[in-house]
Every structure is written in structure tokens, then in C-alpha cells.
Amino acid sequence: MTELKHRIFAAMPFQDMEACKRVRAIKKEDITKHSNPDFKIEVVSNEDFELRRIIEMFMFIKEAAEKDKQLVLIMPNPHPEYKHVAYLINKFKVNCRKLWTFNMDEYVDEDGKVAPDDWPLGFNYCFLNSFYYQIDEKLRPPRNQCIGFTDKNIKDYGKMLEDLGGADVCFGALGWSGHIAFIDPGTPEFACDTLEEFLNMSSRIVTLNPITIAQECLDPSGDWSSIPPRAATIGPKEIMGAKLYQSWNGYYIKNTNISWERFIVRLAAHGPVTHLMPASILQLRRTDFKIREVLAENM
């Protein structure tokens, strides 16, 4: 079979075509194998994926409350499933007074102003309304412990986490571009020469990769005009500073075998560790890397 030779498009700084070919060829039976024992890859059945994510998130909160321990979580958005976690908190009357949550990222406008809490497409808006305000008032943490990006805290966001001892758990998933949070490949604000330099970079306002714009508008009917091209995000330093990273990767078109995430989970989990592919840094740390079964299917 004739192979058409081409380069990876210029918006992606990761240009290692041989690595792409290698990870593309990984079979389902080999996808959980990794040289780092702390990087634990698990294939979760299609039917159980959402339920497992809800239960595991709830159990972190419940167990910390039972031990009367502070719990600091970094939370991705938007996430409609948070309402189910809130339901369980209410059902089992879990006292969340020592729970701290930090939103992973948020959109900003062309002047660098962070989206306000009442903007319906904002991540702060989503988190407050799908999680925080869904918890019974007598159980929810003080409002100042539910933290999202604002114009006032953008420069101190990473330090706020650091002052609490870092995140106990950072939840997340992979972006189509290979981003974690909004740490995109090719983002000029995270430009650096070495992986070591990259790993020490903290929260900031960034420019989004075109692939991320395409991914983010899949929910609002493909309306790319609705997606701001800039955002505030935590940095690699906050990712690496979390005691545990849980990556839940399960995007697919329901009732089909189609997923845009099938390739990127392979590249992030089994490709070279490089700042040119931000999600690859998860291989260096303690990570629970969950893959929905449909994503593990052979390419």
C-alpha cells in the first residue's frame, strides 16, 4: 500500500511523526502497559465510566469528611455530572466544611478580563450551579473555599493552592490537542526551551490552540464564534504539585465507536514526554489514567 508522506500541520509544535505512528499501532491488549508503576492505566467499561467517575469523586470527599481532614481538589469544567456528586453528598449528609475546590481554568475576553460568575458559558458559572449550589446549605463549604479564576486572583492562583499544601487530587481529561487544563501545545505564554523549565511554570492567561477551539465548540452546536480564544489556566507546576492526578478520558459519540480521543490518549500515555505535548507530563507522576473501553479499541 502506498503511503502519502506529509508533515504534521504547523499549529502543532509536536512534529514527531514516527512517535505518532508507533502509538497509533498500540493494540487494546497492550494499552495499559507502562514502565512507570505510578502511572496506572485502567480501561473502564463503557457502561460504568460515568458512574465510576461520580463515585470515586464522591468517595474522596466522603472519606476526608469522615476523618475531619482538609481536602483540596482541582476541578475541570463544564461537568453536568457534578450534580450527581452533590446529590450523594446531600443523601449521605456529608459535611463539606473542610472542602476546598479550585476550578482548573476559565475563559477571558480580548482584554484579559476573566469571565464573570454569571456568564452562562463560563466554567465558574457551571461549577457553582451544577455543584456548589446543589449542595444543601448546611453541608456545603464556605463560599470563599469554592475558588475560580477572577481578575483579582489570576496572578496568585498557583500560590493559593501552594499555601494549602497543593491539591490532594486534580481531576481532568485530555484535550484533542494534547492539552491538560488549557495548557495547550504551541501556547506562546507557555513557550520554553526545556521540559524542566516547563514543569515549573504556574497559572496564567493563555492563547488557545485552534484544535482546542474546535473541541470546545462541539457542545454549543459547533459554534466556534461562541468560544473566546483566550483563557486563564493552572500551569504544569500545579499539575505536578497535586498528590494524585485522575485523568478520566471517555469522549465518544454515543451509540457509535467514534471518538476523537482515541489517538490522543495513546500519544499522551505512550509517546515521548515533552513540553511539546503537555499531557505527556502525566507519565512522570502518580496518575490514575482512566480510559473508556471504546477509546481503547484498536485504531
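The values are calculated or read from the model by the stated rules, or taken from the named source; none is laboratory data. No experiment lies behind these values; they were computed from the predicted model shown. No Cβ is skipped: glycine too gets one built from the backbone with ideal geometry, and neighbour counts run over all protein chains shown.
Given the residues Ile264, Ile211, which is the only one that is within 20 Å of Lys290 (Cα to Cα), in contact (Cβ under 8 Å) with a residue 60 or more places away in the chain and out of contact with any helix residue (DSSP H, G or I) (no Cβ under 6 Å at 6 or more places or on another chain)? Lay out the reasoning, then the answer.
Working: Ile211 fails: within 20 Å of Lys290 (Cα to Cα).
The unique qualifying residue is Ile264.
Tell me the residue from Leu267, Leu195 that is more than 18 Å from the chain's Cα centre (by Cα), aliphatic (A, V, I, L, M) and over 30 Å from Trp119 (Cα atoms), please. Show your work before the answer.
Values: Leu267 fails: more than 18 Å from the chain's Cα centre (by Cα).
That would be Leu195, the only listed residue that is more than 18 Å from the chain's Cα centre (by Cα), aliphatic (A, V, I, L, M) and over 30 Å from Trp119 (Cα atoms).
Looking at (1) crowded, with 22+ Cβ neighbours inside 10 Å; (2) under 29 Å from Lys21 (Cα atoms); (3) of a type in the set (A, V, I, L, M), which is the one condition that is false for Ile234?
(2)
Is it true that Ile213 is under 18 Å from Thr274 (Cβ atoms) and either touching a His at 6+ places or on another chain (Cβ under 8 Å) or of a type in the set (A, V, I, L, M, F, W, C) (or both)? Can you show your working first?
Numbers: under 18 Å from Thr274 (Cβ atoms): no; either touching a His at 6+ places or on another chain (Cβ under 8 Å) or of a type in the set (A, V, I, L, M, F, W, C) (or both): yes.
Answer is no for this residue.
Quick check on this structure: which one of Thr207, Thr212 is surrounded by fewer than 17 Cβ atoms within 10 Å (Cβ to Cβ), at pLDDT 95 or above and of a type in the set (Val, Ile, Thr)?
Working: Thr212 fails: surrounded by fewer than 17 Cβ atoms within 10 Å (Cβ to Cβ).
Thr207 is the lone residue from the list that is surrounded by fewer than 17 Cβ atoms within 10 Å (Cβ to Cβ), at pLDDT 95 or above and of a type in the set (Val, Ile, Thr).
Looking only at segment 23-60, which residues are hydrophobic (A, V, I, L, M, F, W, C) and either more than 30 Å from Trp100 (Cβ to Cβ) or out of contact with any strand residue (DSSP E or B) (no Cβ under 6 Å at 6 or more places or on another chain) (or both)? Reasoning before the result, please.
Of the residues in segment 23-60, the ones hydrophobic (A, V, I, L, M, F, W, C) are 23, 25-26, 31, 39, 41, 43-44, 49, 51, 54-55, 57-60.
Listed by number, the residues that qualify are Val23, Ala25, Ile26, Ile31, Val43, Leu51, Ile54, Ile55, Met57, Phe58, Met59.
Just a yes or no: is a residue in segment 22-32 in a helix (DSSP H, G or I), in contact with a His (Cβ under 6 Å, 6 or more places away or on another chain) and in contact (Cβ under 8 Å) with a residue 24 or more places away in the chain? I'd like the intermediate steps shown before the answer.
From segment 22-32, those in a helix (DSSP H, G or I) are 22-24, 28-30; that's our starting set.
Filter once more, keeping what is in contact with a His (Cβ under 6 Å, 6 or more places away or on another chain): 23.
Next, only the ones that are in contact (Cβ under 8 Å) with a residue 24 or more places away in the chain stay: 23.
Yes, segment 22-32 contains at least one residue that is in a helix (DSSP H, G or I), in contact with a His (Cβ under 6 Å, 6 or more places away or on another chain) and in contact (Cβ under 8 Å) with a residue 24 or more places away in the chain.
Would you mention how many residues in segment 33-47 are surrounded by 12 or more Cβ atoms within 10 Å (Cβ to Cβ) and either without any contact (Cβ under 8 Å) to a residue 40 or more places away in the chain or more than 23 Å from the chain's Cα centre (by Cα) (or both)?
0
With the checklist (1) surrounded by 18 or more Cβ atoms within 10 Å (Cβ to Cβ); (2) over 16 Å from the mean Cα position of the chain (by Cα); (3) modelled with pLDDT of 95 or more in hand, flag the one item Asn200 doesn't pass.
(1)
Across segment 112-123, what is the number of residues that are of a type in the set (D, E, K, R) and either surrounded by 20 or more Cβ atoms within 10 Å (Cβ to Cβ) or more than 21 Å from the chain's Cα centre (by Cα) (or both)?
So the answer is 2.
I'd like to know if segment 124-145 contains one or more residues that are part of a strand (DSSP E or B), surrounded by 16 or more Cβ atoms within 10 Å (Cβ to Cβ) and touching a residue at least 40 places away in the same chain (Cβ under 8 Å).
Our first condition is that a residue be part of a strand (DSSP E or B); within segment 124-145, this holds for none.
Looking for residues that are part of a strand (DSSP E or B), surrounded by 16 or more Cβ atoms within 10 Å (Cβ to Cβ) and touching a residue at least 40 places away in the same chain (Cβ under 8 Å), one finds none in segment 124-145, hence no.
Just to be sure before I move on: is Phe171 under 26 Å from Phe14 (Cβ atoms), in contact with a strand residue (DSSP E or B) (Cβ under 9 Å, 6 or more places away or on another chain) and not in a helix (DSSP H, G or I) in the structure I sent?
Yes.
Mind listing just one residue for me: the one in segment 48-92 that is more than 18 Å from the chain's Cα centre (by Cα) and polar (S, T, N, Q) and, of those, farthest from Leu161 (Cα to Cα)?
Asn90
Of everything in segment 240-251 that's farther than 17 Å from Ala269 by Cβ and either modelled with pLDDT under 95 or of a type outside the set (D, E, K, R) (or both), which residue is surrounded by the most Cβ atoms within 10 Å (Cβ to Cβ)? I'd like the intermediate steps shown before the answer.
To start, the set of residues in segment 240-251 that are farther than 17 Å from Ala269 by Cβ comprises 241-243.
Imposing the further condition that a residue be either modelled with pLDDT under 95 or of a type outside the set (D, E, K, R) (or both) reduces the set to 241-242.
On the way: Gly241: 20, Ala242: 23.
Looking at the filtered set, the residue picked out is Ala242.
Filter segment 3-21 down to the residues that are surrounded by 10 or more Cβ atoms within 10 Å (Cβ to Cβ) and either in contact with a strand residue (DSSP E or B) (Cβ under 8 Å, 6 or more places away or on another chain) or in a loop (DSSP other than H, G, I, E, B) (or both) and list them by number.
Ile8, Ala11, Met12, Pro13, Phe14, Gln15, Asp16
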